[in-house]
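The values are calculated or read from the model by the stated rules, or taken from the named source; none is laboratory data. Small disclaimer: the values here were computed from a predicted structure and weren't measured. Every residue, glycine among them, receives a Cβ derived from its backbone with ideal geometry; neighbour counts consider all protein chains shown. Surface areas here come from the heavy atoms of the whole protein model, side chains and all, with no ligands, DNA or RNA. Shrake-Rupley method; radii C 1.70, N 1.55, O 1.52, S 1.80 Å.
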Amino acid sequence: MRVVKDAAERRKEILDVAERLFCTNGFDNTSTNDILAEIGIARGTLYYHFRSKEDILDAMIDRILDEIIRKAKIIAYDESKAVLERLTQIVLAANVDTQTGDMILEQVHKPQNALMHAKMQERLLGGLIPYFVKIIKDGMAQNIMHTDYPEATIHMLLLYSNTVFDEHADQLSEEEKKKLVLAFIDNAELLLQMEKGSLLEAMIPMFYRD
């Protein structure tokens, strides 16, 4: 007997199954036929929700970004925590350091997916910047940070960190990475007019985690 599910539930099921198959077998080694067979639905049902396998991946990215941005908002407005603690937590929350995240990054870093990568980066930055600005303004109110351009400053820092640490970190030696991390922290302190060394304790965990 065919199970009838509402559109939202069916869409979520397709994404869940596709995510598991992509992570287990690889994106390139998983076909839409594999997804259909796993769920037991007709091709027309799949195409009602997604036009292609790439469309499924795009929706999967949106789902991950939605969750990251949701967590960022909670962290930014949790004023029971210190400014620098929130800064650390929001950056760590923005990392997609999971099997699914690794699979997605592997795909978007391929030359043929440059547009998808750019869209992902633009959406992530656009979603996160308001919450970073909230933290910076709290830091300014406490005289920890000083800048006339909080939004532009955080945009520059995030864009630079995404470009350098997202795409090139694996190609660096430990010594090169250490110098790059220290240079980034030093420049962040300069841009935010903070006391030298004040961001070290907060930012080091962002780059060196177990």
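For every residue, the table says whether it meets (1) touching a helix residue (DSSP H, G or I) at 6+ places or on another chain (Cβ under 7 Å); (2) at pLDDT 95 or above; (3) of a type in the set (D, E, K, R); (4) open to solvent by less than 50 Å² (accessible area, probe 1.4 Å).
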residue: 3; (1), (2), (3), (4): no, no, no, no
residue: 9; (1), (2), (3), (4): no, no, yes, no
residue: 15; (1), (2), (3), (4): yes, no, no, yes
residue: 23; (1), (2), (3), (4): yes, no, no, yes
residue: 27; (1), (2), (3), (4): yes, no, no, yes
residue: 40; (1), (2), (3), (4): no, no, no, no
residue: 57; (1), (2), (3), (4): yes, no, no, yes
residue: 67; (1), (2), (3), (4): no, no, yes, no
Mind checking which residues of segment 14-46 are under 25 Å from the mean Cα position of the chain (by Cα), more than 12 Å from residue 56 (Cβ to Cβ), touching a residue at least 12 places away in the same chain (Cβ under 8 Å) and not in a helix (DSSP H, G or I)?
-> 26
For segment 157-168, pairs from a residue that is at negative phi and part of a helix (DSSP H, G or I) to a residue that is open to solvent by 70 Å² or more (accessible area, probe 1.4 Å) and at pLDDT below 80, with Cβ under 7 Å and 6 or more apart or across chains, are 167/109
So is residue 127 of a type outside the set (Asp, Glu) and more than 22 Å from residue 56 (Cβ to Cβ) or not?
-> no
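One residue is enough: does segment 189-196 have a residue meeting the conditions part of a loop (DSSP other than H, G, I, E, B), closer than 18 Å to residue 91 by Cβ and at pLDDT 85 or above? Step through it out loud before you land on a result.
Of all residues in segment 189-196, those part of a loop (DSSP other than H, G, I, E, B) come to 192-196.
Filter again for closer than 18 Å to residue 91 by Cβ, leaving 192, 194.
Still in the list and also at pLDDT 85 or above: 192, 194.
There is at least one residue in segment 189-196 that is part of a loop (DSSP other than H, G, I, E, B), closer than 18 Å to residue 91 by Cβ and at pLDDT 85 or above.
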